[in-house]
Amino acid sequence: MTKAEQLNSVAVLVPGHFNDHAVERIDRTFRRVNIERADPALVTDEMRRDVRAIASFAGVNAALMDALPKLELIASFGVGYDSVDAVHAAKKNIMVTNTPDVLTEEVADTTIGLLLNTVRELYTAEKWLRDGSWVKKGNYPLSRLTLRGRHVGIFGMGRIGLAIARRLEAFGLPVAYHNRRKVEGLAYQYHPTLKGLAEAVDTLISVVPGGASTEKAVNAEILAALGANGVFVNIGRGSTVDEPALAAALANGAIAAAGLDVFADEPNVPKALLEAPNTSLLPHVGSASHHTRRAMADLCVDNLVSWFSERRPLTPVPETVNVKAAG
Ligand code: NAP
Ligand code: 8YV
């Protein structure tokens, strides 16, 4: 069998809707097997026998891994992989890959747009123009908030956090951050606790991964520490925020405004956040351009190709970095 024929025989499971470019490339190289959603109850005997990889937008839980005895690789689409049980994968010698770096600059751009929109009300101002209010009522009211004079705290100074910080520097704004570990050689002020960071700044940008260690980390106490002039922006994961506490803080003036791209139960957005006049809300579009999603799709599929032709991944997640391909 030629190398191409060998790859062509590898069954790759694709649950639910997937990126078109990734699907095209999978079809050109592998044998795609579709399933309506990532649900072990939908796994057939044929899938159990053949599937060696999953390429997925959505989560992959332990039960789905257990239902596929030949599974070697989960190629997750996106840098955040909190919806994939990577610890279970490592125990079962299953490799997990993600798509870091190729989306960093796009997500940082979106964050700046969301921050600006939150403080300067650009969406509401544009609506004012389009609905004829400018002609009928005159100038749009001055924005209550501004970026000028703000001090920004980044919760999660990783790849994207750093790209956001560099943009903010160009805006003339001081930056501080909180991670579990100080980043050596980085000049921005480090705070060993999130509360300490929130107390020191008036603008908090969350860009940490989801998962147990960040679950509801941004709560009433952190929002109170941010203060009445406080602006909170979340581009990381919705699970990091106690959403009822955020809605209460926006309603009672504990903070001034919030800009959110991610939510705890997407695509459902809590009514209190939808109705709040001081929120700017986006439907998880941080990386959502054709340009960047194509780069993510390529990296997702390149991991599949590398695993099945070279027997090594390109971008393994830390939990599975020691998983080795058999044979
Ligand atoms: P990254 O390079 O791994 O950075 C994550 C940072 O968060 C690290 O600096 C890490 O430092 C810190 N961190 C992790 N857990 C923490 C905790 N419990 N407490 C404090 N800090 C913690 O990841 P990235 O590429 O920047 O991506 C970050 C996240 O952005 C992704 O995981 C994803 O959830 C989200 N994202 C969202 C979109 C979107 O469309 N909205 C797009 C892409 C990514 P320590 O390990 O030292 O704590
Ligand atoms: C995507 C993301 O929307 O990369 C991430 O972690 O949140 C986004 O880029 C998501 O991965 C699409 O499945």
Check: the chain dipole with +1 on Lys, Arg Cβ and -1 on Asp, Glu Cβ, in debye: 440 debye
Centre separation in Å (Cα based) which lies between the range 197-258 and the range 1-51: 40 Å
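Once you've got the Cα coordinates, tell me which of LYS70/LYS324; LYS70/LYS91; LYS3/LYS70; LYS3/LYS92 are over 18 Å apart.
LYS3/LYS70; LYS3/LYS92
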Residues in the range 24-46 that a label on ALA4 would reach, taking backbone N under 14 Å of a point 7 Å out along Cα→Cβ: 28-30
Label-point separation in nm, LEU274 to LEU116, each point 7 Å along Cα→Cβ: 2.9 nm
Per-bin percent of Cα-Cα distances, the chain [10 Å]: 6, 24, 29, 21, 14, 5, 1, 0
Computed magnitude of the charge dipole of the range 260-327 (debye, nearest 20; Cβ of K, R +1, Cβ of D, E -1): 280 debye
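In the range 1-41, which trypsin sites (Lys or Arg not before Pro) fall in coil by DSSP and have 13 or fewer other Cβ atoms within 10 Å?
ARG37
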Residue among GLY185, GLY227, GLY59 with the largest mean-square fluctuation in a Gaussian network model of the chain, springs linking Cα atoms under 10 Å: GLY185
Cβ charges +1 (Lys, Arg) and -1 (Asp, Glu), total dipole of the range 115-253, debye: 380 debye
Over the chain, relative contact order from alpha-carbon pairs under 8 Å, at least 6 apart, %: 18 percent
Listed residues HIS290, VAL323, MET157: farthest to the positive end of the dipole of the chain (Cβ charges): MET157
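Using a 10 angstrom Cβ neighbour count of at most 12 plus a DSSP loop assignment to flag exposed GluC sites (Glu not before Pro), which longest range of the chain is free of such sites?
37-183
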Among PHE18, SER56, ALA75 - extreme Cα towards positive end, dipole of the range 12-76, charges at beta-carbon: ALA75
Per-residue Cβ neighbour rank within 10 angstrom, fewest leading, ASP45, ASP82, ASP131: ASP45, ASP131, ASP82
Order of SER309, SER280, SER206, SER83 - criterion: other Cβ atoms within 10 Å of each residue's Cβ, fewest first: SER309, SER83, SER280, SER206
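ARG31 to ARG166: extension gain in nm, 0.36 nm per residue of separation minus the Cα-Cα distance?
44.3 nm
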DSSP beta bridges in the chain [antiparallel fraction, %, rounded to 5]: 5 percent
Spin-label pair VAL285/ASN93, simplified geometry with 7 Å Cα→Cβ offset, distance in nm: 4.6 nm
For LEU114, LEU304, order by how many other beta-carbon atoms lie within 10 Å, fewest first: LEU114, LEU304
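For the range 185-307, how big is Rg over Rh, using alpha carbon atoms and the Kirkwood form of Rh?
1.05
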Cβ-based charge dipole, the chain, positive-most Cα from THR97, VAL183, VAL218: VAL183
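A short reminder: the numbers here are calculations on the coordinates, not readings from a lab. Owing to the predicted nature of the structure, the values given are computational and were not obtained by experimental measurement. Neighbour counts are summed over all protein chains in view; Cβ atoms, including those assigned to glycine, are modelled from backbone coordinates with ideal geometry.
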